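Data block below; observations after.
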Amino acid sequence: MRPDFDAVVDDLRAAVCRDTGPGPDGTRHRLARRLGQLAYSRRYLAEARGHFELAAGLATSDGQAAADLLAQARVAAAEGRGELAFELLLVSAGRATTAGDDHARSTALAEAVTVAHRIAGTFRREVPHSRLRDLLAEASRIAPAGDPVLAAQLAAATAWNARAEKSTPDPRLAATPWPRHATPAIRC
């Protein structure tokens, strides 16, 4: 797949950037989404995020936009940009609400709670624990039953949010030198 992608990627980039509007059949939207997926598979994270952003802007429905924003947020999280991922997940949840899609809304909210805990060090300001609890409660309340993937996402968000207060690592621990014997020797 990689050689095939590399052989046509410049033509695909040019096609998606040609300003022809969304088109009646959503072709440009689908191309932007697929390019985002392909760029992500090649680990071109910034490019993938940009394609998903374009796809969300070209979406012909709120449901499509919610899915594209979710994908964009996941790429931002992979880049270690937690605050951006969190904000994109909230926007995705809003678009899912407009689309009437409780599953997509619950997914985005659960992932937002998890991101706010897992990569909290990338946020300029900590998200208040009470807000995360409210987001998790809403995600749990609206989650349709019977989806094991969504149940796992809610369980992960619940686990990250299990304490009465949000716990954050002590930054002084990162400054503590590791004992020499704790670092394994690497031999080539």
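The values are calculated or read from the model by the stated rules, or taken from the named source; none is laboratory data. As the structure is a prediction and not an experimental result, all values here were calculated from the model. Note that each Cβ is placed from the backbone with ideal geometry, even for glycine, and that neighbours are counted across all protein chains shown. Areas reflect the complete protein model, heavy atoms only, side chains present, ligands, DNA and RNA absent. Shrake-Rupley method; radii C 1.70, N 1.55, O 1.52, S 1.80 Å.
Using the Karplus curve 6.51 cos²θ - 1.76 cosθ + 1.60 with θ = phi - 60°, what ³J(HN,Hα) values do you get for each residue of segment 105-114, in whole Hz, with x for Gly and Pro?
5, 4, 4, 5, 5, 4, 5, 4, 4, 5
Report the label-to-label distance for Ala46 and Glu87 in nanometres (one decimal), using points 7 Å from each Cα along the Cα→Cβ vector.
That separation, rounded to one decimal, is 1.8 nm.
Contact order normalised by length for segment 19-158, with contacts defined as Cα pairs under 8 Å and 6 or more residues apart; what percent is it?
Numbers: 202 pairs, mean separation 24.5, N = 140.
In percent, rounded to a whole number, it is 18.
Pop out the carbon and sulfur fraction of the accessible area of segment 51-144 as a percent, whole number, probe 1.4 Å. Each step should come with its number before you reach the end.
Numbers: 1980 of 4110 Å².
Carbon and sulfur together cover 48 percent of it.
Which order do you get for Thr114, Thr27 if you rank them by accessible area with a 1.4 Å probe, largest at the top?
Numbers: Thr114 25, Thr27 70 Å².
Reading off the accessible areas and sorting them downward yields Thr27, Thr114.
From the backbone phi of segment 132-143, what are the Karplus-calculated ³J(HN,Hα) couplings (6.51 cos²θ - 1.76 cosθ + 1.60, θ = phi - 60°) in whole Hz, Gly and Pro given as x?
5, 4, 5, 4, 5, 4, 5, 4, 5, 5, 9, 5
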